[in-house]
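*Asks:* Handing you this structure, nothing more for now.
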Amino acid sequence: MSIAIRPQLLNRMHKRHHVRDNIIRIESRDKRHDLFQFIRRTMYWAAMYPMSLEHLLPQRIRYLSSFIEVFYELFLHLVCIHIVILYLCTFYLNNNSGDLELLVNCMMQTIIYVWVIGMKLYFRRMNPRPLEELMKTMNLQYRTHSIKGFTYVTMEECLIMANKWIKTYVYSCFAGAVFWLIIPITYDDRSLPLSCWYPVDYKKPIIYEIIYFLQAVAQIQVAAAFSASSGLHMTLSILLSGQYDVLFCSLKNILANVALRMQSTEQQLRKLYKLHEITSHDTNEFYCSKEKTLDVERLFDAQQLFVETSQDFRHNFRNVFKECIVHHWFILDCLKSMERFYNPIWFLKTGQAILLLCLVAFVSVKSTTTNSSFLKNLSLGQYLFLVAWEFLVICYFGEMIFYNSQRCGEAILKSPWYLCVREIKNDLLLFLLRSYRPFKLTAGRMFALNIDWYRWVITTAFSFLTLLQNMDQRDVNVST
């Protein structure tokens, strides 16, 4: 008798081990990574984040780590400050020249470098602790996958998307800065990337090389500060949208997970699976994740992994539901921290974006009409594109957060909740009331970041551009 049933037992054990391996693979597919490794390295370039050199330097000189970091930060600040001072002097010396293009260019560069200095101080000195706590909390507590059920999602696709977006954005910003530096080398006329007044003859040997090096460092600071401040916002938004995907799938599978905890029969699981399939079938349910399906038969064979001491439905449902609620609180806490950190920045960014779009567009148009070099026109066009793209990134991801924050109630209604409405009615109603309240990322707690806000900024900037062009045309008519 025992010999006859041994193959069946072996087959069943093999299936159970196979399912157990599949479930373990789901849990380990996304091992925890440093979610902010790339953006943190970008911030190092601008001294916006401590580098912790004590872990990198040899032990003999480790005591110098703090001095090196302070010296590096101070040097970068002085480089940016000296550019601001030189452009202010240029503006003052040419204030009565009538050269509107030169004056506008001075204003444009002054605004850019003042913003860079402000971002460096805000991230590193004025508000570093909330930023560090937010990044640490997300690294420690983010969910790598949804709860076990008929379907599941992981953070794999979200991490790939975040990595692709941030690298594309950062490399584009640095490419724009480097292209600006290449122009003087191309012409070989000992000109400078940033044309401003100097109290010395900068074309003399050695002096030219020193000034060119300082301007190169300043341009790299512009690329690093702009890409790091907006890129971190982008990264946080994508990662939290991915967490909403994980929560969405967990809520869809909440009754399936309860059934597995209660050791349901295979027939009961199949019946629930059919209802789950009918209820949840939809396209574009997730922002960036891809939903995978688990086989019912294999899930049934692996139910020993879901053993619960209680067979009470309400007890098991509340345990699973509590996990989802805790995850929801975690997402909301991260969003609130993100909002507190960024809302004063984006309020000032709105004014800066309007001015920069207006001034860069004016200088670009003016350079085109005065037959300036092709490379200069191209670099100005690149500047204009990057400024518009940066603010689009800010507003687009603000709208994505607004949209994803409303989907939790929709998710739980995609499960066959009507089968046990009596037991879970109060819990569902409370959750639905809370989940349909959208979360808004704002500029100064006054203006919601969305595509409509971006449209208003673009319209306002080009209204000012028209005003500037009319002033320039009037000056031309007066002079003739």
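The values are calculated or read from the model by the stated rules, or taken from the named source; none is laboratory data. Just so we're clear, the structure is a prediction, and the values are computed from it rather than from any experiment. Heads up, the Cβs are rebuilt from the backbone with ideal geometry, glycines too, and the neighbour counts pull from every protein chain shown. These area figures cover heavy atoms from the full protein model, side chains too; ligands, DNA and RNA do not enter into them. Shrake-Rupley method; radii C 1.70, N 1.55, O 1.52, S 1.80 Å.
*Asks:* Give the range 151-161 a look and list any residue that's touching a residue at least 60 places away in the same chain (Cβ under 8 Å) and surrounded by fewer than 22 Cβ atoms within 10 Å (Cβ to Cβ), or say none.
*Replies:* Scanning the range 151-161 gives Thr151, Glu156, Glu157, Leu159, Met161.
*Asks:* Please note which helices (runs of 4 or more DSSP H) are completely contained in the range 384-480 and include at least 3 residues that are modelled with pLDDT of 85 or more and at negative phi.
*Replies:* Fully inside the range 384-480 and qualifying: 451-479.
*Asks:* Kindly provide the set of residues from the range 309-360 that are in contact (Cβ under 8 Å) with a residue 40 or more places away in the chain and outside any helix (DSSP H, G or I), ordered by number.
*Replies:* Residue satisfying the conditions is Gln311 alone.
*Asks:* Whether any residue in the range 140-150 is open to solvent by 50 Å² or more (accessible area, probe 1.4 Å), within 30 Å of Leu294 (Cβ to Cβ), out of contact with any Leu (no Cβ under 9 Å at 6 or more places or on another chain) and modelled with pLDDT under 95 is what I want to check.
*Replies:* yes
*Asks:* Out of the residues in the range 266-295 that are in a helix (DSSP H, G or I) and surrounded by 18 or more Cβ atoms within 10 Å (Cβ to Cβ), state the one that is modelled with the highest pLDDT.
*Replies:* Tyr273
*Asks:* Phe75 - would you say it is open to solvent by 20 Å² or more (accessible area, probe 1.4 Å) and not hydroxyl-bearing (Ser, Thr, Tyr)?
*Replies:* Details: open to solvent by 20 Å² or more (accessible area, probe 1.4 Å): yes; not hydroxyl-bearing (Ser, Thr, Tyr): yes.
Against the criterion (open to solvent by 20 Å² or more (accessible area, probe 1.4 Å) and not hydroxyl-bearing (Ser, Thr, Tyr)), Phe75 qualifies.
*Asks:* Out of all the residues in the range 344-365, is one or more under 14 Å from Trp453 (Cα atoms), under 15 Å from the mean Cα position of the chain (by Cα) and among the β-branched types (Val, Ile, Thr)?
*Replies:* Checked against the condition, which is being under 14 Å from Trp453 (Cα atoms), under 15 Å from the mean Cα position of the chain (by Cα) and among the β-branched types (Val, Ile, Thr), the range 344-365 yields no hits at all.
*Asks:* A follow-up question, please. Would it be correct to say that Val222 is surrounded by 23 or more Cβ atoms within 10 Å (Cβ to Cβ), among the β-branched types (Val, Ile, Thr), in a helix (DSSP H, G or I) and touching a strand residue (DSSP E or B) at 6+ places or on another chain (Cβ under 7 Å)?
*Replies:* no
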